[in-house]
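Report on the structure given below.
The values are calculated or read from the model by the stated rules, or taken from the named source; none is laboratory data. Quick caveat, the model's predicted, so the values are computed rather than measured. Here the Cβ positions follow ideal geometry from the backbone for every residue, glycine too, while neighbour counts run over all protein chains shown. Remember, those area values only see protein heavy atoms, side chains included, never the ligands or the DNA or RNA. Shrake-Rupley method; radii C 1.70, N 1.55, O 1.52, S 1.80 Å.
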Amino acid sequence: KVAPAQLKEKRNTQNKKTPVRVVLSNTAQETGYNPLYYETNQIYTWSTADTLLQEKLDNLEQLTDFDVSNNLKAAIERVYDFCEDPTECDNAAWWPQIFYDTLTTDIRTTCITNDLMETLNKNSLYEAYRMYIKSRPEEKMYGLNYETIHGWDTEALFGYGWFQLASSSDRKQRKLEANLRDLVEYICYDKDIEEWTTTNTLVVENQDFPSAISFDSKVPQKRECNFWAGKDMLQWGWQN
């Protein structure tokens, strides 16, 4: 596993006197940042998504000697609801770009962050909580829908000015900003978020706080992460 396994051992963290509360969070399409600003990996059709996925699997085999099985691409597409017949696909929440960016985010970030949470919670000096951000703007760039991309959460929380968005998306950003800052206030002032435990996931979406948050009894993308783990493909974490 990529997550540092030594953190589960209390003897490796003996300098800590009291438990440390840690919130581990990522956005659902962290890797979607790149296509919005560069042509690399921009995907407009399901056939392009299919081709790009095969190219990446070929590169993986060539660069790492990882044995990519003949049926791996088909298995990935089954797990991630690939649209075999675009004439029959009419899903406003699932399109070719979000298909690709979700699966690459899972393998590089989401699943590995899940592993880290589970590792930390084996050590009594940590209390690790999981958060998963699905809030996203309604903006388009280069004809692509914005997703819950890398930096969307930190921009809302800290206001770096990275995203200069149109008014519709500004509203989404202000809402996420208010939601995250309300959430931080709860955490900093030790206000109870009663349903949030070290075994479930707090999910942040587009509604107003506190209705913007919901709870999943599982870690994010559990089914998908079990798939990747079974294929021994959680070896390449995104080091930011």
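Sort through 176, 202 and tell me the only one that's hydrophobic (A, V, I, L, M, F, W, C), open to solvent by less than 30 Å² (accessible area, probe 1.4 Å), touching a residue at least 40 places away in the same chain (Cβ under 8 Å) and not in a helix (DSSP H, G or I).
202
With 52, 125 as the choices, which residue is aliphatic (A, V, I, L, M) and under 30 Å from residue 8 (Cα atoms)?
Going through 52, 125 in turn, the sole match is 125.
Give me the pairs, please: first residue somewhere in the range 228-240 and touching a residue at least 40 places away in the same chain (Cβ under 8 Å) and within 14 Å of residue 61 (Cα to Cα), second residue anywhere and open to solvent by 80 Å² or more (accessible area, probe 1.4 Å) and outside any helix (DSSP H, G or I), beta-carbon distance under 9 Å, and either six or more positions apart or on two chains.
Taking only residues 6 or more apart or on different chains, the pairs are 235/1.
Would it be correct to say that residue 210 is in a loop (DSSP other than H, G, I, E, B), touching a helix residue (DSSP H, G or I) at 6+ places or on another chain (Cβ under 8 Å), at pLDDT below 85 and farther than 24 Å from residue 33 by Cα?
yes
Starting from residues that are in contact with a Lys or Arg (Cβ under 7 Å, 6 or more places away or on another chain) and of a type in the set (Asp, Glu), keep the ones in the range 97-136 and report whichever is farthest from residue 33 (Cα to Cα).
127
Test each condition in (1) at pLDDT below 95; (2) under 22 Å from the mean Cα position of the chain (by Cα) for residue 68 and report the one that comes out false.
(2)
For the range 36-86, enumerate the residues that are touching a strand residue (DSSP E or B) at 6+ places or on another chain (Cβ under 9 Å) and loosely packed, with under 12 Cβ neighbours inside 10 Å.
37
Where in the range 11-122 are there helices (runs of 4 or more DSSP H), lying wholly inside it, with at least 2 residues that are within 16 Å of residue 236 (Cβ to Cβ)?
46-64, 72-79, 96-105, 111-120
Quick grid of which residues meet (1) over 12 Å from residue 131 (Cβ atoms); (2) of a type in the set (Asp, Glu); (3) in a helix (DSSP H, G or I):
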{"position": "192", "(1), (2), (3)": "yes, yes, no"}
{"position": "214", "(1), (2), (3)": "no, no, no"}
{"position": "223", "(1), (2), (3)": "yes, no, yes"}
{"position": "227", "(1), (2), (3)": "yes, no, yes"}
{"position": "236", "(1), (2), (3)": "yes, no, no"}
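Return the pairs, sorted by first residue and then second, in which the second residue is among the small types (Gly, Ala, Ser) and loosely packed, with under 10 Cβ neighbours inside 10 Å, the first residue lies in the range 186-198 and is in contact (Cβ under 8 Å) with a residue 12 or more places away in the chain, the beta carbons are less than 8 Å apart, and the residues are 6+ apart or on different chains.
From residues that are in contact (Cβ under 8 Å) with a residue 12 or more places away in the chain, there are no pairs.
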